[in-house]
1. Using the Karplus curve 6.51 cos²θ - 1.76 cosθ + 1.60 with θ = phi - 60°, what ³J(HN,Hα) values do you get for each residue of segment 33-46, in whole Hz, with x for Gly and Pro?
2. Please list 3J(HN,Hα) in residue order for segment 48-63, calculated via the Karplus relation 6.51 cos²θ - 1.76 cosθ + 1.60 where θ = phi - 60°; whole Hz, with x for glycine and proline.
Amino acid sequence: MTGSFDTIDKLAEPKPSATNEESFELSSVVVEYDGKPNRCTIYPNEATRLQRMASWITADADTFVPLDKMC
């Protein structure tokens, strides 16, 4: 086998902070199921169909909390 793996011995590369990232808006879709939890998928508004396949998150809808309830 060839290649290398990152180990704890290597210095971690600095990651860009969230404040340096480009801002974007998100959309969401809830799919309702009979007999199992509804699922909510969140994805970037401006993403193409191809980009959406790699830029999304899905979870049971009841695990999401409105922002005004988080404070």
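1. With the stated coefficients, segment 33-46 comes to 10, 8, x, 8, x, 5, 10, 10, 10, 10, 8, x, 4, 7 Hz.
2. With coefficients 6.51, -1.76 and 1.60, one gets 6, 4, 5, 5, 4, 5, 10, 10, 8, 9, 10, 8, 4, 4, 6, 8 Hz.
Every number in this text was worked out from the coordinates using simple rules, so none of it is lab data. The structure presented is a predicted model; accordingly, all values stated were derived computationally and were not measured.
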